[in-house]
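In what follows, a structure is listed as structure tokens, so that the remarks can point back to it.
The values are calculated or read from the model by the stated rules, or taken from the named source; none is laboratory data. Source: prediction; values computed, not measured. So basically every Cβ, Gly included, is an ideal-geometry build from the backbone, and we count neighbours across all protein chains shown.
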Ligand SMILES: [Zn+2]
């Protein structure tokens with residue numbers, strides 16, 4: 001039995017797989033703000049889903065920046081109480097098996113690149129716009145080399161701009177991320193109806209995607225996350241094309257196809273690559 005998980009700023013998804021290829025049973029719970037409570041809930045859900053069968057290996061994503069060895073959580077805008085905690089050590093103590101950790105958006109991107117909207121593409125970028133903004137570059141079905149992961153949500157798009165929960169200013173996340181939109185407009189993103197507001201958000205997102213395109217030169221950019229469902233994709237495409245003066249065309253923009261399970265499917269794929 002294999003265990004995979006996907007811990008986001010809001011929800012935590014946990015699943016087991018008996019064949020290492022497909023998800024056998026899945027559970028979603030709210031992500032506890034407290035780290036100890038978080039790993040206890042993870043253990044409880046794992047016990048419940050595996051029905052007492054031994055877990056042979058684990059792969060999981062968390063919405064944080066990991067240290068270079070992917071052991072300790074070193075920074076998180078949305079799970080501050082998890083920062084500095086030895087997640088890998090704690091999980092090893094609980095499960096006593098090989099464990100592979102990654103950034104949450106990275107695993108979602110891997111899932112989409114291999115089995116979702118990026119299938120058959122060599123150079124895939126995924127940008128997820130949910131509570132926060134994350135992303136990853138996947139090359140030939142694997143994470144592109146990196147030291148500390150990828151954080152396109154924290155690229156600066158406005159100098160001295162809005163404050164981001166990471167401590168920076170003018171970051172993409174502070175203009176399109178769900179928690180910022182809620183703060184600014186006093187309601188959840190899905191309840192914002194003003195087309196002018198959405199046009200502005202589309203423009204900010206397009207600036208971020210333009211920057212990712214000129215740095216990463218992907219064939220396709222896949223957009224995921226709860227807020228993306230409300231952003232007018234056609235406007236994003238038009239702005240992106242309008243900004244494009246150096247490349248003859250910008251990468252294709254697609255939406256995720258694996259839905260909420262992308263991170264879990266990506267974790268299974270990652271596990272397969274590591275074993
Ligand atoms: Zn930031």
So is residue 60 over 15 Å from residue 15 (Cβ atoms) and assigned by TED's automatic domain parsing to the domain that holds residue 267 or not?
no
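Against the definition (touching a strand residue (DSSP E or B) at 6+ places or on another chain (Cβ under 8 Å), assigned to a loop (DSSP other than H, G, I, E, B) and within 13 Å of the ligand (Cβ to nearest atom)), how does residue 84 come out, yes or no?
Values: touching a strand residue (DSSP E or B) at 6+ places or on another chain (Cβ under 8 Å): yes; assigned to a loop (DSSP other than H, G, I, E, B): yes; within 13 Å of the ligand (Cβ to nearest atom): no.
Against the criterion (touching a strand residue (DSSP E or B) at 6+ places or on another chain (Cβ under 8 Å), assigned to a loop (DSSP other than H, G, I, E, B) and within 13 Å of the ligand (Cβ to nearest atom)), residue 84 does not qualify.
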Name the single residue, out of those in segment 151-161 being surrounded by 17 or more Cβ atoms within 10 Å (Cβ to Cβ) and assigned to a loop (DSSP other than H, G, I, E, B), that is nearest to the chain's Cα centre (by Cα).
151
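Listed here are the residues, each with its yes/no results for (1) surrounded by 20 or more Cβ atoms within 10 Å (Cβ to Cβ); (2) touching a residue at least 12 places away in the same chain (Cβ under 8 Å); (3) not assigned by TED's automatic domain parsing to the domain that holds residue 154.
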{"position": "173", "(1), (2), (3)": "yes, yes, no"}
{"position": "177", "(1), (2), (3)": "yes, yes, no"}
{"position": "205", "(1), (2), (3)": "yes, yes, no"}
{"position": "231", "(1), (2), (3)": "yes, yes, no"}
{"position": "247", "(1), (2), (3)": "no, yes, no"}
{"position": "251", "(1), (2), (3)": "yes, yes, no"}
{"position": "270", "(1), (2), (3)": "yes, yes, yes"}
Given the options 126, 148, name the one that is in a loop (DSSP other than H, G, I, E, B) and under 15 Å from the mean Cα position of the chain (by Cα).
148
Counting only residues that are within 17 Å of residue 6 (Cα to Cα) and modelled with pLDDT of 95 or more, which one in segment 117-128 is surrounded by the fewest Cβ atoms within 10 Å (Cβ to Cβ)?
127
Contact list, first residue from segment 184-199 and over 20 Å from residue 238 (Cβ atoms), second anywhere and in a loop (DSSP other than H, G, I, E, B), beta-carbon distance below 8 Å, six or more apart or interchain, is 185/192; 189/226; 190/226
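When you check residue 223 against the structure, is it at pLDDT 95 or above, within 20 Å of residue 131 (Cβ to Cβ) and outside any helix (DSSP H, G or I), yes or no? Spell out how you get there, then give the answer.
Numbers: at pLDDT 95 or above: yes; within 20 Å of residue 131 (Cβ to Cβ): yes; outside any helix (DSSP H, G or I): yes.
When the stated conditions are applied, residue 223 passes them.
To keep it simple, each residue is scored yes or no on (1) modelled with pLDDT of 95 or more; (2) away from the ligand (no atom under 14 Å from the Cβ).
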| residue | (1), (2) |
| --- | --- |
| 146 | no, yes |
| 150 | no, no |
| 160 | yes, no |
| 164 | no, no |
| 175 | yes, no |
| 190 | no, yes |
| 200 | yes, yes |
Going by what's in this entry, would residue 134 be described as assigned by TED's automatic domain parsing to the domain that holds residue 205, under 19 Å from residue 11 (Cβ atoms) and touching a residue at least 12 places away in the same chain (Cβ under 8 Å)?
yes
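If I filter segment 56-66 for residues that are more than 27 Å from residue 180 (Cβ to Cβ) and either assigned to a helix (DSSP H, G or I) or modelled with pLDDT under 95 (or both), do I get at least one hit? Give the steps one after another, and end with the answer.
Residues of segment 56-66 more than 27 Å from residue 180 (Cβ to Cβ): 56-59.
Cutting the leftovers down to either assigned to a helix (DSSP H, G or I) or modelled with pLDDT under 95 (or both) gives us none.
No, because not a single residue in segment 56-66 is more than 27 Å from residue 180 (Cβ to Cβ) and either assigned to a helix (DSSP H, G or I) or modelled with pLDDT under 95 (or both).
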